[in-house]
Number of protein chains: 2
Amino acid sequence: MSDPLPAILNRLDTGQAAALERLFELLRIPSISTDPSYAGPCDDAAEWLVAELRSIGFEASKRETPGRPMVVAHGGEGQRHMLFYGHYDVQPVDPLGLWDGDPFEPVVIRTPTGQAIRARGASDDKGQLMTFLEACRAWRAETGSLPCRITVLFEGEEESGSPSLVPFLRAHADELRADLALICDTGLFDDRVPAIIRSLRGLLGEEITIEGPDRDLHSGLYGGMARNPIRVLTRILGNLHDDRGRVRIPGFYDGVDDLDEATAAAWGELGFSEEEFLGTVGLSSAAGEDDRTGLEQLWSRPTAEINGILGGYTGEGFKTVLPAKASAKVSFRLVGGQDPVRLRENFRDWVLSQVPKDCRVYFADHGASKAARMDTSAPAFEGVRQALSDEWGEEAAFVGFGGSIPIAGHFQQELGMQSVLTGFAKDGDQIHSPNEKYDLDSFHKGARSWARVLARLGS
Amino acid sequence: MSDPLPAILNRLDTGQAAALERLFELLRIPSISTDPSYAGPCDDAAEWLVAELRSIGFEASKRETPGRPMVVAHGGEGQRHMLFYGHYDVQPVDPLGLWDGDPFEPVVIRTPTGQAIRARGASDDKGQLMTFLEACRAWRAETGSLPCRITVLFEGEEESGSPSLVPFLRAHADELRADLALICDTGLFDDRVPAIIRSLRGLLGEEITIEGPDRDLHSGLYGGMARNPIRVLTRILGNLHDDRGRVRIPGFYDGVDDLDEATAAAWGELGFSEEEFLGTVGLSSAAGEDDRTGLEQLWSRPTAEINGILGGYTGEGFKTVLPAKASAKVSFRLVGGQDPVRLRENFRDWVLSQVPKDCRVYFADHGASKAARMDTSAPAFEGVRQALSDEWGEEAAFVGFGGSIPIAGHFQQELGMQSVLTGFAKDGDQIHSPNEKYDLDSFHKGARSWARVLARLGS
């Protein structure tokens, strides 16, 4: 039989309007996983995907977990078996006031780089996972089948630490194990050059609460003498980095290797510009370790960041209160061989060593994952690289990724499976921020990219 | 004519139920001044006080200001002219969840030290100002008049920096100027010993907002390289005090004198116990400058406290965000000759000197007042001291006060008038905190105390 790819790509070109409407339906479901009050919408999103997968001929079902449900589907036949992963949950939308419209009422907007879909989850990750389903839909419509055996796994807790994921992978290892995993939750290197991830940072999430007096106090009556938890917290967190931007926690850099020369050279050739990258978000210069390049700070160096802090009176006006407690959310991006378990202990010990008398400290565990590195010499990586290069007209690059996509590590450890991570998001997509968007270009060429990838991996 | 005092005290004893109902009416009005949405209730409280004063025979009126209204009243005759000051506005009630009942539905509760009135403002300052009105009411009812000429001034912005006060004092200096000011907004030294204030700390309120990126960022995509405003803020505020508890702002201690030996000796004799004082709020030891006594830390040393801090994601769960901004409310208690204007400049310069590239800093001014010291050798102080000692059966003490009652300084500077500050609040009243209360004992003996003070000052 002749190569069906040209007809499949043509079908994707002519079916863009219908594809967009399908994505809009999914984007209208406010599937925020970190807030328990949105459990219902998360369930609705899972149901919607089950129906969507069945309409493409997959045998699909919703699988309950202690948290948000998983969606598992099977389709196609043959020796080659691919597992596709994506997540249907999204980040919270606050601060809501900074959105130009309802985060869950998707609209097509004009941007300096063309048309885009504005909605929470448009880029992370609903728009991306739909590029793969659209490719499958076109393959099925054109050829009556899929080019290989495909298992789909959609998760609903990616934005909240994936508590149910590993137990689920272990319980269904035989059903889910495939030759290779395809993960669509990352971006292009820039607006033109497609990228395949060679390394991912891990993530450690911690929450600290420091309690002092047993009630809020008047700073006039007690100020100067009573312990103030906000002072204790800011003193500890203000001490987290030294003057050169290095993290002060003992043992923090254990397992962190310097970049090998080949990779350093390859990254140098990417022509990355700090000024351009940061200029799009109102900054101008890299603020990390002062002896590391911008790309190292983003891709190959570990971080410690304070993601949230709250204490005392924060309303309008002023209140001279000494609060009973103060708390902060702190996260660490991990690289190389950093051990999240050891690091969590070291962090807590380091905090406790600085807590004065009359204070109590409570820690909350918000998940942990190791960093991951892919074996890009595996043949499948070359197939994907060529498929992406064909679609985008630029050589796909093997890059590092500063974010944490623990799933790749879990597939490796639980199912002994390599992961190819690629995706079509852009730096300006504002994922996790107000006015998240996904370019129509990313959505359409993304679907065409997957059609090409399936053609190469299936043959 | 025979001494009317015994009959007046008897009238106060027999009229307690009616007095309590009058106070409850005032406590039911949610006159929070710092929150603009409560401007209406503040106006209602002023109206209620005008009617109350008229019912006691005062010529009373509400006076508009650019902020909350003042209440001014005149009554009595004679050479001696006293000005009584109190404030009808109250602190916000958050965290509302920690109240055992509606903050604006006063109830009588049982406490380890007896019965008390629980409501926002019960102790600060509605209950206290009503002790004076009840004394006037009894004097008027028993003698048909007041023992001297009395002017009453009630303010509605004491809890929000008193922006309208000084202009009002200047505009009505001739009307308000008296021989002496009586201010009822302070407490007993302990549950038995009445106190008259010899020194008050001043207050400086500042709000800092630090902005970095022009939107919230994903810490995976930008973490390590992008400037994080929470890190900048905690680093600066964590640096506010040195290891011995001293404030690091240059020039902060200019104008701060050590305690004179006589006062140090007098305070030593008060038998103050850090453990007992702090034990009532779940603490055990003084956390201020390590070379100062607890009373010095409370009464004669300046402070720098962080009263509120907010940045990033503080909801349930976790969000790996690098926020666009972070802010904090900081207040300073001033003593001796510290200059609030200079100090504000020094603080802002000190903050700016630590702000890195790519950050913008905004400051908001939340008011300033100098510290004050009374000339306790003036004869009126002795009269009040004797009246209080008679009522409480313990020698009244001349004490310092850690809070800031700027009105005393303003009366001195604007009207050339000395102020006698005394009151009947107790350490456990939890003013500015959930479950604020005022002991029935404080309310009743407070009214009797003022009846005695008026007898001595009027004669």
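Given +1 at the Cβ of Lys and Arg, -1 at the Cβ of Asp and Glu and no other charges, the dipole of the protein assembly as shown around its Cα centre is 280 debye to the nearest 20.
Secondary-structure-derived ellipticity at 222 nm for chain B, considering helices only, amounts to -10000 deg cm²/dmol, per-run term -39500 (n - 2.57) for DSSP H runs with n ≥ 4.
Residue of chain A with the smallest Cβ distance to the axis mapping A onto B, distance rounded to whole Å: A:G238, 1.
How far is helix A:340-352 tilted, in degrees, relative to the longest principal axis of the Cα atoms in chain A, given as a value from 0 to 90 rounded to the nearest 10? In chain A, helix A:340-352 runs at an angle near 20 degrees to the longest axis. Remark: accessible surface ordering of B:D100, A:D13 (largest first) is B:D100, A:D13, probe radius 1.4 Å. Dipole size of the stretch B:106-197 about its Cα centre, with +1 on Lys/Arg Cβ and -1 on Asp/Glu Cβ: approximately 320 debye, rounded to the nearest 20. Mind pulling the angle between the C-alpha long axis of helix A:5-14 and the longest principal axis of chain A? Nearest 10 degrees, somewhere in 0 to 90. For A:5-14 against chain A, the angle is about 60 degrees.
Taking all protein chains together and a 1.4 Å probe, the residues A:E157, A:E77 rank A:E77, A:E157 from largest to smallest accessible area. Taken about its Cα centre, chain A carries a charge dipole of roughly 780 debye when the Cβ of each Lys and Arg holds +1 and the Cβ of each Asp and Glu holds -1. Placing a pseudo-label 7 Å from each Cα along the Cα-to-Cβ vector at A:A51 and A:Q16 gives an inter-label distance of 2.7 nm. The accessible surface of the stretch A:314-417, taken with every protein chain in place and a 1.4 Å probe, is 48 percent carbon and sulfur. Lysine pairs in chain A whose alpha-carbon atoms fall under 18 angstrom of each other, counting only those eight or more residues apart or on distinct chains, come to 8. Residues of the stretch A:320-368 whose accessible area, computed with a 1.4 Å probe over protein heavy atoms, drops by at least 40 Å² once all protein chains are present relative to their chain alone are A:T320, A:K329, A:R333, A:D358, A:H366.
Applying the Karplus relation 6.51 cos²θ - 1.76 cosθ + 1.60 with θ = phi - 60° to the stretch A:173-183 yields 3J(HN,Hα) values of 4, 5, 6, 9, 4, 9, 5, 7, 9, 10, 10 Hz, where x marks Gly and Pro. Sorted on the mean count of surrounding Cβ atoms within 10 Å across their residues, most packed first, peptides B:117-123, A:340-346, A:66-72 read B:117-123, A:66-72, A:340-346. Toward the positive end of the charge dipole of the stretch B:264-345, with +1 on the Cβ of Lys and Arg and -1 on the Cβ of Asp and Glu, the farthest Cα among B:S331, B:G317, B:A264 is that of B:G317. Using 0.36 nm per residue and subtracting the Cα-Cα separation, the extra length available between B:S353 and B:H172 on full extension is 60.9 nm. Each of the peptides B:87-94, B:177-184 was scored by the mean count of other Cβ atoms within 10 Å over its residues; in descending order, highest first, they stand as B:87-94, B:177-184. Here A:Y253 yields copy-to-copy label distances, from shortest upward, of 3.7 nm, the label point defined as 7 Å from Cα along Cα to C-beta. Rounded to 0.05, the FRET efficiency of the A:E345 and B:I109 pair, given R0 = 30 Å and the Cβ-Cβ distance, is 0.05. Considering all different alpha carbon pairs of the stretch A:114-213, the Kirkwood hydrodynamic radius works out to 17.3 Å.
Sorted from greatest to least, the principal axis extents spanned by the alpha carbons of the stretch A:307-459 come out as 68, 39, 22 Å. In order along the stretch B:97-113, phi translates into HN-Hα couplings of x, 8, 7, 7, x, 4, x, 10, 10, x, 9, 8, 10, 8, 10, x, 9 Hz, rounded to whole numbers, per the Karplus curve 6.51 cos²θ - 1.76 cosθ + 1.60 with θ = phi - 60° and x for Gly and Pro.
All Cα-Cα distances of chain B, cut into 20 Å bins from zero to the largest, leave 23, 55, 20, 2, 0 percent in each bin in turn.
The string of couplings for the stretch B:254-260 from the Karplus curve (6.51, -1.76, 1.60, θ = phi - 60°) is 4, x, 8, 9, 6, 5, 6 Hz, one whole number per residue in order, with x for Gly and Pro. Distant-in-sequence amide contacts of A:I196, defined by a placed amide H-H separation under 5 Å and a gap of 5 or more residues or a different chain, comprise A:A397, A:F398, A:V399. The angle between the Cα long axis of helix A:16-27 and the longest principal axis of the Cα atoms of chain A comes to about 30 degrees, rounded to the nearest 10. Legend: mean number of C-beta atoms from other chains within 10 angstrom of residue C-beta atoms, peptide B:432-438, equals 4. Computed from protein heavy atoms with a 1.4 Å probe, the total accessible area buried between A and B is close to 8200 Å².
Near the amide H of B:A181, within less than 5 Å, lie the amide hydrogens of B:L83, B:Q418, B:S419, B:V420, all on another chain or at least 5 residues away, with H placed in the peptide plane. Copy-to-copy label distances for B:E64, where each label lies 7 Å from Cα along Cα-to-Cβ, are 6.5 nm in order of increasing length.
Remark: spin-label model distance A:E394-B:Q386 equals 9.3 nm, labels positioned 7 Å along the Cα→Cβ axis. Between A:A451, A:V152, A:A226, the Cα set farthest toward the positive side of the dipole of chain A (charges on each charged residue's Cβ, about the Cα centre) is that of A:A226. Label-to-label distances for A:E175 across copies, nearest first, come out at 8.1 nm, using points 7 Å from Cα in the beta-carbon direction. Solvent exposure of the stretch B:257-342, expressed per residue, is 37 Å² of accessible area, with all protein chains present and a 1.4 angstrom probe.
Subtracting the Cα-Cα distance of B:Q79 and B:R244 from their residue separation scaled by 0.36 nm leaves 54.1 nm. Jot down the per residue volume, in cubic angstrom and as a whole number, of the convex hull over the alpha-carbon atoms of the stretch A:247-340. Output value, Cα hull per residue: 149 Å³. Accessible surface for the stretch A:55-195, divided over its residues, is 35 Å² per residue with a 1.4 Å probe. Taken residue by residue and averaged, Cβ atoms of other chains lying within 10 Å of the Cβ of B:282-294 number 5.
Shape call for the stretch B:1-112 from the C-alpha gyration tensor, a ≥ b ≥ c root eigenvalues: rounded (a/c under 1.5), prolate (a/b greater than b/c) or oblate? Cα axes put the stretch B:1-112 in the oblate bin. Take each residue in A:254-260, count the other chain C-beta atoms within 10 Å of its C-beta, and the mean is 0.
Per the Cα gyration tensor, the protein assembly as shown maps to an equivalent ellipsoid with semi-axes of 68, 27, 22 Å, ordered largest to smallest.
The values are calculated or read from the model by the stated rules, or taken from the named source; none is laboratory data. As the structure is a computational prediction, the values presented were derived from the model and not from experiment. All Cβ positions, even for glycine, are placed from backbone atoms using ideal geometry, and neighbour counts span all protein chains on display. To get the accessible areas, we keep the full protein, side chains included, count just its heavy atoms, and leave off ligands, DNA and RNA. Shrake-Rupley method; radii C 1.70, N 1.55, O 1.52, S 1.80 Å.
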